[in-house]
Amino acid sequence: MCGIVGYVGLARKTKSVLYEGLKRLEYRGYDSAGICYIDGNKNTVIKSEGKLENLNAKLNKIEINSPIGIGHTRWATHGKPSELNAHPHSTGPISVVHNGIVENFYELKNELEQKGAKFYSDTDTEVISQLIFYFINDGKSFEDSVIATFDKIQGSYAVAVLNADEPDKIIATRRFSPLVIAKNDDELFLASDIPAILPYSNEIIFLEDNDFAVLKKNSIEFYDNKKNKVERKSKKINWDPVMIEKAGYRHYMLKEIHEQPRAVFDTIRGRFSDDFETVIFNDFDENLIKDVSRISITACGTSYHASLIGKYMLESISRINTQVELASEFKYREPVLDSNSLVIAVSQSGETADTSEALLEAKKSGVKTLGITNVELSKISRESDFVINTKAGPEIGVASTKAFTTQVVVFYMLSIYLGLVRKVIDKKAAKKLIKDAVAVSKIIQKSLKLDDEIKELSKDFYSYKNFIYLGRGINYPIALEGALKLKEISYIHAEGYAAGEMKHGPIALIDENMPVVFIAPDDEIYYKKLLANFEEIKARGGRIIFITSSSGSLEILGEGDRKIQIPKCSNLLSPLITAIPVQFLAYHIANRLGTDIDQPRNLAKVVTVE
Ligand code: M6R
């Protein structure tokens, strides 16, 4: 999400190495950016909110003759996106850029404030510069101050530090967040991601957890957190930059499917109270939301499918009458909205024209609005009264995957929140639901193991021209989503149906040329009914892929049929698990067909036209 670059050397202009490096990290998404360089004995920081172009406009106006600097693109976690909260953060001569989260930020901030420190930003990062400065004032060397600081810090980080009083060095350290160094004679480059610095050198050094590196123009030293010297050798990297951006995955889509445990975890992180009894949405005004008696959700494509799942959750957990409508329809239908309605606009990009227009239309009725988006400064975030951000990180593949699962998990949290506010569930019930959510990332992780199995299975299915996906209840939207995924990246015709609807018409399509994908988690109500639907399809010669968490034997499966075993999970969260095999199935079929998976024909990642 955030990106770091650094440079020390005389061979190039620091300004352009930093700016070009940040530009190569642009694909990750960001909301602000900044650089710091040392001129003489002064650390100068230049920052800008919004697009990198805004920073560039400032940089274009100045000459920088410094041989050393650090830069950062920020994806806000603590503190809203703003110039003040953008990195680098400075305390006296110390300037810091940071990726990750300081988990004990509040305690450290309190401690420092009691000792007289004055904080200017809302970020967790500022405690790092404050702490380093505190230790220096306490008489420690620059190196010892950095080590002492990270001895106190809990969480994940990749950090680069400048000290205007020792202007020849950058100190870098990491834990759970990547940081790499590229070297040439007489110059060193630092970055959170290889693509940022690969054009300068393919001799790359990977920092290990708890390493401290001291970078000077023509030397580099590594220490562990006890200040013992350690050796880190460089590796020659022969990947092309595009490949590296995909972290070794062939496509962004596959990378993003695999990122889902992390994305879901990041989305729920910090949103439950320590006792797991309540959901925390800081942005909400409980008084404004408690009288909501009706919810209208509007969205497009995959976000619409996530919203259909949201309806099940909202009605089941918080017992609020909920409707979901395609945004392109909502706007022109003159929907009836009253003062107790809440309109929710759901969008990964936050910029989809249909959805933002629907939101603006709803606002005309004076209703309260909530945006659920993955991009903090997006139009929908700006226009909504309340916002809940998904933390999927930048989604590059046109086919949405990780944004979808994070939207689903937001609906789950929202349902618990509203259930508690409306007093239709008590804290005990909330706790049970919250504990299930906390456990779900690990279950998603387990289902990612299906990747190879589904790759193999796709060999038998990629040449079919049509597919049907069937599901029931909360997994009916997964049938729709599975069909959409297959359509958009493989160009194979696919339809999703509620399984009970087959007998009312679509069953006429079934023959040996029609594979049918069943989404059949082992639940109390629907599983048995799906088995009956299964028999109906089998009797008509259809070929079946049966996705289930039931471990029971399925005698009825014929020779050409396949069972995909998924891990068990609570019924309400099961779409997070059933989504994984349908994403893999679409991906591997498309991959065998050789389509342009990340940028399928005719499609755009963000649809800004109506
Ligand atoms: O950015 P949004 O979530 O508003 O985008 C909505 C749809 O355009 C999007 O979900 C589209 O259907 C995807 N290509 C689905 O994979």
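The values are calculated or read from the model by the stated rules, or taken from the named source; none is laboratory data. Since we're looking at a predicted model, the values are computed, not measured. Note that each Cβ is placed from the backbone with ideal geometry, even for glycine, and that neighbours are counted across all protein chains shown. Just the protein is used for accessible areas: all its heavy atoms, side chains included, with ligands, DNA and RNA removed. Shrake-Rupley method; radii C 1.70, N 1.55, O 1.52, S 1.80 Å.
Here are the numbers for the structure shown:
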{"quantity": "Enumeration of residues in the range 314-356 that are on the phi > 0 side of the Ramachandran plot and under 23 Å from the mean Cα position of the chain (by Cα)", "calculated": "Gly350"}
{"quantity": "Strands (runs of 3 or more DSSP E) fully within the range 294-402 counting 2 or more residues that are touching a Phe, Trp or Tyr at 6+ places or on another chain (Cβ under 8 Å) and more than 13 Å from the ligand (Cβ to nearest atom)", "calculated": "368-373, 386-389"}
{"quantity": "Top-ranked residue of the range 171-198 - restricted to ones that are over 18 Å from Gly248 (Cα atoms) and not in a strand (DSSP E or B), ranked as least open to solvent (accessible area, probe 1.4 Å)", "calculated": "Asp186"}
{"quantity": "Criterion (surrounded by 24 or more Cβ atoms within 10 Å (Cβ to Cβ), among the β-branched types (Val, Ile, Thr), assigned to a helix (DSSP H, G or I) and out of contact with any Cys (no Cβ under 6 Å at 6 or more places or on another chain)) met by exactly one of Ile136, Ile128", "calculated": "Ile128"}
{"quantity": "Test set (1) of a type outside the set (Lys, Arg); (2) open to solvent by 30 Å² or more (accessible area, probe 1.4 Å); (3) within 16 Å of the ligand (Cβ to nearest atom); (4) under 15 Å from Ile577 (Cβ atoms) - Ile443 fails condition number", "calculated": "(3)"}
{"quantity": "Of all residues in the range 459-488 being hydrophobic (A, V, I, L, M, F, W, C) and assigned to a helix (DSSP H, G or I), the one that is farthest from the ligand (Cβ to nearest atom)", "calculated": "Ile474"}
{"quantity": "Any strands (runs of 3 or more DSSP E) falling wholly within the range 508-569 and containing at least 3 residues that are in the same structural domain as Leu484 (by TED's automatic domain parsing) and open to solvent by 40 Å² or more (accessible area, probe 1.4 Å)", "calculated": "562-565"}
{"quantity": "Candidates Lys23, Lys13, Lys47, Lys42 - the one that is at pLDDT 90 or above and over 23 Å from Glu126 (Cα atoms)", "calculated": "Lys13"}
{"quantity": "The range 407-457: number of residues that are out of contact with any Ser or Thr (no Cβ under 8 Å at 6 or more places or on another chain), charged (D, E, K, R) and in a helix (DSSP H, G or I)", "calculated": "11"}
{"quantity": "Residues that are open to solvent by less than 60 Å² (accessible area, probe 1.4 Å) and over 24 Å from the mean Cα position of the chain (by Cα), drawn from the range 570-593", "calculated": "Ile589"}
{"quantity": "Residue list for the range 282-307, restricted to those being within 23 Å of Ile434 (Cβ to Cβ) and either buried (at least 19 other Cβ atoms within 10 Å of the Cβ) or of a type in the set (A, V, I, L, M) (or both)", "calculated": "Phe284, Ile289, Val292, Ile295, Ile297, Ala306, Ser307"}
{"quantity": "Number of the condition not met by Val607 [criteria: (1) in contact with a Cys (Cβ under 9 Å, 6 or more places away or on another chain); (2) within 16 Å of the ligand (Cβ to nearest atom); (3) assigned to a helix (DSSP H, G or I); (4) of a type in the set (A, V, I, L, M, F, W, C)]", "calculated": "(3)"}
{"quantity": "Long-range neighbours under 7 Å by Cβ, at least six apart or interchain, first residue of a type in the set (Asp, Glu) within the range 71-97, second part of a strand (DSSP E or B) and surrounded by 17 or more Cβ atoms within 10 Å (Cβ to Cβ)", "calculated": "Glu83/Ser32; Glu83/Lys47; Glu83/Ser48; Glu83/Glu49"}
{"quantity": "Counted residues, the range 139-170 - those being open to solvent by 10 Å² or more (accessible area, probe 1.4 Å), in a strand (DSSP E or B) and not small (Gly, Ala, Ser)", "calculated": "0"}
{"quantity": "Asn238 being farther than 24 Å from Leu573 by Cβ, of a type in the set (S, T, N, Q), modelled with pLDDT under 90 and assigned to a loop (DSSP other than H, G, I, E, B)", "calculated": "yes"}
{"quantity": "Every pair of residues 6+ apart whose Cβ atoms lie under 7 Å, when the first sits in the range 201-215 and is hydroxyl-bearing (Ser, Thr, Tyr) while the second is surrounded by 18 or more Cβ atoms within 10 Å (Cβ to Cβ)", "calculated": "Ser201/Ala182; Ser201/Lys183; Ser201/Phe189"}
{"quantity": "Residue satisfying condition, being free of Cβ contacts under 8 Å to residues at least 24 places away in the same chain, assigned by TED's automatic domain parsing to the domain that holds Ala437 and not polar (S, T, N, Q), within set Lys331, Lys368, Lys364", "calculated": "Lys364"}
{"quantity": "Total residues in the range 554-604, condition within 16 Å of the ligand (Cβ to nearest atom) and among the acidic types (Asp, Glu)", "calculated": "2"}
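Yes/no matrix, rows are residues, columns are (1) open to solvent by 20 Å² or more (accessible area, probe 1.4 Å); (2) more than 23 Å from Ile297 (Cα to Cα):
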| residue | (1), (2) |
| --- | --- |
| Ser381 | no, no |
| Ala403 | no, no |
| Asp436 | yes, yes |
| Ser447 | no, yes |
| Leu457 | no, yes |
| Asp460 | yes, yes |
| Gly473 | no, no |
| Ile478 | no, no |
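Conditions (1) in contact with a strand residue (DSSP E or B) (Cβ under 7 Å, 6 or more places away or on another chain); (2) crowded, with 17+ Cβ neighbours inside 10 Å; (3) not assigned by TED's automatic domain parsing to the domain that holds Phe150, marked per residue:
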residue: Asn41; (1), (2), (3): no, no, no
residue: Glu53; (1), (2), (3): no, no, no
residue: Lys58; (1), (2), (3): yes, no, no
residue: Lys61; (1), (2), (3): no, no, no
residue: Pro67; (1), (2), (3): yes, yes, no
residue: Trp75; (1), (2), (3): no, yes, no
residue: Ile101; (1), (2), (3): yes, yes, no
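Here is a yes/no grid of residues against (1) among the small types (Gly, Ala, Ser); (2) away from the ligand (no atom under 16 Å from the Cβ); (3) more than 19 Å from Met253 (Cβ to Cβ):
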site: Lys449; (1), (2), (3): no, yes, no
site: Ser490; (1), (2), (3): yes, no, no
site: Glu495; (1), (2), (3): no, no, yes
site: Met502; (1), (2), (3): no, yes, yes
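This table checks each residue for (1) open to solvent by 30 Å² or more (accessible area, probe 1.4 Å); (2) touching a residue at least 40 places away in the same chain (Cβ under 8 Å); (3) aliphatic (A, V, I, L, M).
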{"residue": "Ala392", "(1), (2), (3)": "no, yes, yes"}
{"residue": "Gln407", "(1), (2), (3)": "no, yes, no"}
{"residue": "Ile416", "(1), (2), (3)": "no, yes, yes"}
{"residue": "Leu420", "(1), (2), (3)": "yes, yes, yes"}
